[in-house]
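Values in this text are rule-based calculations from the coordinates and carry no lab data. Treat the numbers as computed from the prediction; the structure is a model and nothing was measured. Note that we place each Cβ from the backbone using ideal geometry, even for glycine, and neighbour counts take in every protein chain shown.
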Amino acid sequence: MREQYKFLLPSLIVALVVVAFPTVFLFYISFHRWIIFIQGIEFTGFGNFYSMITSREFIKSLQVTLIFVVTSGLLTFVLGLALALILSERLRGQGIIRTIITLPVIVPPVVAGFTWKFLLNREVGVIGGYLLPALGFQKSLLGDPHLALGSVILADVWSRTPLMFLILLAGLQAIPTEIYEAARIDGASYWQSFRKITFPLLKSAIIIALILRFIDAFNLFDTIFVMTTGGPGIATQTLPLLGWKTGFLYYNLGEAAALAVIMLFITMIVSLLLVRRIRQ
């Protein structure tokens, strides 16, 4: 048996280098003040955490992040569940429809961001430059502080709904058809079957989908950065963009690391709560 463990050694070394060391270094830097090119490393304890969570920019970014995560998560869940329920039935051309619906999930976030930025552009975009003005809407979707976040959410929903659809469709197909047949014999309606059979048996798949969706939306950087870079102003600045700005524009690696640790704990707490629901 000991000979077999030797084959795991290279993978273990890579995991330690790629995962363990950066994580330990992240926690180390979070307790030190380190401003590149200006100030060396100086221990400050929880000073970086206090400075970060008491700043107005952090509070605003946290609000934007919560709005983005909740809105995008709910929309992707509702649309994904609706599509899964429709396409779980036997329909003509079902395979082609499923393929078309799942195409956005293979598009990289950066490409999706550039695509939607072009579509919503006020000058040359198909939606922002031609369709909406033809309907009498003259505002810039990405340039208006009140509309930019909704535009980013729209792009994220388009990009991430297929993943939710695939997970929920797999959960639906795992439910035995005999249960539905028995319910029909007993005279149950479609809504009663959904409420008493489908939804309870789909809870595990729903929670797994919500965990993945939360982690993805909470840490999303690519699409928002490409579309708005957190603007106009800080209207679409989420916590990941605040971390990027703090670390790579202000060169304050200490506070950027502290923000990363805060985000790590938020992600872990929410994920553990959802996993606990699966166990129950």
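Structure notes:
- When the Gaussian network model of the chain links Cα atoms closer than 10 Å, the mean-square fluctuations of Val152, Val105, Val14 top out at Val14.
- Within straight-line reach of Lys117, meaning a Cα separation under 16 Å, sit the following lysines at least 8 residues removed in sequence or on another chain: Lys139.
- With N the number of residues in the stretch 129-240, Rg(Cα) / (2.2 N^0.38 Å) evaluates to 1.54.
- For the stretch 192-280, the mean projected area of the C-alpha convex hull, equal to one quarter of the hull surface, is 7.7 nm².
- Length released on extending from Glu178 to Phe7, taking residue separation times 0.36 nm less the Cα-Cα span: 56.9 nm
- Axial C-alpha extent at least 24 Å, average Kyte-Doolittle at least 1.6 - helices from the chain (DSSP): 56-87, 253-279
- Percent breakdown of C-alpha pair distances by 10 Å bin, ordered from the shortest bin, for the chain: 6, 21, 26, 24, 16, 6, 1, 0
- Using just its DSSP H runs of length 4 or more, each adding -39500 (n - 2.57), the chain gives a mean residue ellipticity at 222 nm of -20000 deg cm²/dmol after division by all residues.
- Of Phe225, Phe68, Phe199, the one that fluctuates the most in a GNM where the chain has Cα springs shorter than 10 Å: Phe199
- Residues Phe27, Phe49 in ascending order of nearby Cβ atoms (within 10 Å, fewest first): Phe27, Phe49.
- Note on the chain: with a GNM built from Cα contacts shorter than 10 Å, the maximum mean-square fluctuation among Pro22, Pro145, Pro240 falls on Pro22.
- Centroid-to-centroid separation of the stretch 55-117 and the stretch 12-46 [C-alpha atoms, Å]: 34 Å
- Charging the Cβ of each Asp and Glu at -1 and of each Lys and Arg at +1, and nothing else, the dipole of the stretch 109-213 about its Cα centre rounds to 160 debye.
- For the chain, size of Cβ-based charge dipole, Lys and Arg +1, Asp and Glu -1, in debye: 420 debye
- Taking Lys and Arg as +1 and Asp and Glu as -1, the other residues whose beta-carbon sits under 15 Å from that of Thr236 total -1.
- Computed over the chain: relative contact order in percent, which uses C-alpha pairs under 8 Å that are six or more apart: 30 percent
- Each label was represented as a point 7 Å from its Cα along the Cα-to-Cβ direction; for Leu103 and Tyr28 these points are 4.9 nm apart.
- Using 0.36 nm per residue and subtracting the Cα-Cα separation, the extra length available between Val19 and Val110 on full extension is 30.4 nm.
- Rel. contact order, % - alpha carbon contacts under 8 angstrom, at least six apart, the stretch 133-258: 31 percent
- P(r), alpha carbons of the stretch 28-100 - 10 Å bins starting at zero, rounded %: 16, 23, 18, 15, 14, 12, 2
- Using C-alpha pairs under 8 Å with a sequence gap of at least 6, the mean separation divided by the residue count of the stretch 89-150 gives a relative contact order of 18 percent.
- Dipole of the chain [Lys/Arg +1, Asp/Glu -1 at C-beta], most positive-end residue of Leu8, Trp34, Leu149: Leu8
- What the Cα atoms of the stretch 26-169 give is an Rg and a Dmax of 21.2, 66 Å.
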